[in-house]
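Here's the structure we're looking at; comments come further down.
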Amino acid sequence: MRKTLAIVLLLLCSTVSFAQENVGSSSTPMRSSKSYIIVEDTEKDLAFLKEKSRQAGLDLGLSVLANRISTDSKLVTPKPSDHLLKQGILHLQLPMDDNQTEFAVYHSELFDIPASINVLQIEDELITYRTTERTGNIHLLYHCTRGAFGTKAKAHSKDAIVYKLWDTPERTLLPDLEIQDQMAQKVAKALSKTDYPLLVLNDLKSYAYNTQGDTAIAHFLDTIRKYNPDKLIQADLLTPASWYRLSRINENQLWNESMRNKVMETLPDKQLFHHICMFPWMIGNFQIILADKNRKATSLEELEWFLSIAAAFDGGFGLNVSAETLRRHGLTEKMMNAIRIWETLRLRGVFSEKQKEHFKDPYGNWHLEQADDSTFLLYPQHISRRYFCDFQNDTWQWNSPYTSLFALRIEVEGKGSISDLEVRTPNGSLYLPCTLKANQCLVFDYDGSAYITDMNYNKIEEVLAEEEVPFPGEDASKTSSFLKEGVSKVSFVCKVLPEGKKQPEVSLRFLTRDTPETIILNNGDSR
């Protein structure tokens, strides 16, 4: 990895002076590692997203794709333009009539290039194919749509030129350099009328698919900057052309908690690379999601893990979240507040090098609270694995690295419900008198409060938790929701209310935390 970085750096350094000589009097763009919410073209939600970005202390970054041609564009239908970008030429094996939905072309390495809608252009007809099979020197194309996208199906001679077109994951087509320049200028002018502080240019490499390569990227970026000189301009690719024209780079790396191990495999070398290139360090994107049948909703603990990684590497990030998700997620206010606190301390340079090293532990968890205007409490936190119930002998050895009161999350999935929940610890019983239905979660917090939520953490009802507590003046370790460092024997009992013959699926997860470290934010703290 480091050898590769060294080679790339040499290439960049050898071209920086060339880039500087060719940008005339233009200055290096503003650079910043401030984080942002990724905004798509959603004008109806813009006011709401602005409010949330202000609450979290984030910028709004508009996602820009300035070279996509939709399949209903006048450049496509009813007569395809000669300016649709072509990957190369294929050759028919036999003539085609106007009804064939299967035909053959001679082998080409063009079929090794990934595609999404598989579009061919023969004269004024567009054809899509679903599958291809290679037999010797022939590619057989199956399940073809003739006269695709409103073009007209025609017969073609064996000598007819067949072009394979560039398409994209968005199921769009790409333009050649001439049309790309026109589209870029149109988009750049429109962007100049917006008040987004950040423009996020996605898939920068696609602007170089034409024969001009990196020169086309430079021309595109110069067009965007010409009309938007006061905006931060971000892209996902660092090239000799983009180095001098961009404010920063953020790869489209989407992080989540399941990728903890990958953090330390990839981020340290990338951070060094950006530091040497004198670029603000951005660590990728984080997505806040709602629960569905395949995934759980994003938790506050998962978000704070990511925020601690951003603090560890002193890097900004993109927050990938829709307005609908923010409206429907029960923890939106807490998550926006957590982002504001973590990012305030990161951007003010308050975290010590020792703290940053601790944050780099991929298995570490942290919780940051604001005590007052200048005082913050940083808690090391342990989040246990999930313990699954069989309703027969639900006794476990809970192992905590900290001596503390515990918090608890109990989830019910599948069919049916449970009631009269009781957690028995060495210090006594924690009783939770409630009925917990399928697709609900019971939250018991460190302060002893308890409530039921849906799977998106929206509060449904309060629960009055009953636990054994010490008399005033006695040792707090006698509280039933108290765990000592090390192994504690804990059991769980409840009444099971099946639905028909199906029982609910119940899991528990406990959290403990260590004594907090106090962080003081002084007026002089800054970058």
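Residues whose amide H lies under 5 Å from that of V76, counting only those 5 or more places away or on a different chain, are S81; hydrogens are built 1.01 Å from N in the peptide plane. Pairs of Cα atoms in the chain fall into 10 Å distance bins, from 0 up to the last occupied one, in shares of 3, 15, 20, 20, 17, 13, 8, 3, 0, 0 percent.
Computed with a 1.4 Å probe over protein heavy atoms only, the accessible surface of segment 211-370 comes to 39 Å² per residue. Accessible surface computed residue by residue for segment 159-202, with neighbouring protein chains in place and a 1.4 Å probe, gives 47 Å² per residue. Counting only alpha carbon atoms, the long axis of helix 332-347 and the longest principal axis of the chain meet at about 80°. Solvent exposure of segment 396-435 amounts to 34 Å² per residue of accessible area, where only protein heavy atoms count and the probe is 1.4 Å.
Taking each of K50/K186; K205/K334; K79/K164; K86/K262; K293/K459; K296/K415 in turn, the alpha-carbon distance tops 27 angstrom for K205/K334; K86/K262. Equivalent-ellipsoid semi-axes for segment 68-181 (Cα gyration tensor, √(5λ), whole Å, largest first): 22, 16, 13.
Legend: calculated FRET efficiency, E422 to S507, from the Cβ-Cβ distance at R0 = 22 Å, rounded to 0.05, equals 0.85. Taking 0.36 nm per residue of sequence separation and removing the Cα-Cα distance, the Q212/S258 pair yields an extension gain of 12.6 nm. Put simply, the amide H of L405, placed in the peptide plane, has neighbours under 5 Å in L483, leaving out anything fewer than 5 places away on its chain.
Toward the positive end of the charge dipole of the chain, about the Cα centre and with charges on Cβ (Lys, Arg +1; Asp, Glu -1), which of Q182, N285, L246 goes farthest? About the Cα centre, the residue reaching furthest to the positive side is Q182. Near the amide H of H91, within less than 5 Å, lie the amide hydrogens of Y106, all on another chain or at least 5 residues away, with H placed in the peptide plane.
The residues packed around P380, meaning those with a beta-carbon under 15 Å from its beta-carbon, carry a net charge of -4 if Lys and Arg are +1 and Asp and Glu are -1.
Here the chain exposes an accessible surface that is 50 percent carbon and sulfur, computed with a 1.4 Å probe and the other protein chains kept in place. Select from segment 36-140 those trypsin sites (Lys or Arg not before Pro) which occupy a DSSP coil region and have at most 16 other Cβ atoms within 10 Å, ordered by residue number. Of the trypsin sites (Lys or Arg not before Pro), the ones in loops of segment 36-140 whose Cβ has at most 16 other Cβ atoms within 10 Å are K74, R130.
The residues neighbouring W255, those whose beta-carbon lies less than 15 Å from its own, together hold a net charge of -2 under the Lys/Arg +1, Asp/Glu -1 convention.
Across the chain, the mean sequence separation of Cα contacts (distance under 8 Å, 6 or more residues apart), normalised by length, yields a relative contact order of 13 percent. Computed from the Cβ-Cβ distance with R0 of 25 Å, the FRET efficiency linking M30 to L65 stands at 0.65.
Heavy-atom accessible area, probed at 1.4 angstrom with all protein chains present, ranks D230, D195 as D230, D195, highest first.
The values are calculated or read from the model by the stated rules, or taken from the named source; none is laboratory data. The structure presented is a predicted model; accordingly, all values stated were derived computationally and were not measured. Note that each Cβ is placed from the backbone with ideal geometry, even for glycine, and that neighbours are counted across all protein chains shown. The area values use the complete protein model at the heavy-atom level, side chains included, leaving out ligands, DNA and RNA. Shrake-Rupley method; radii C 1.70, N 1.55, O 1.52, S 1.80 Å.
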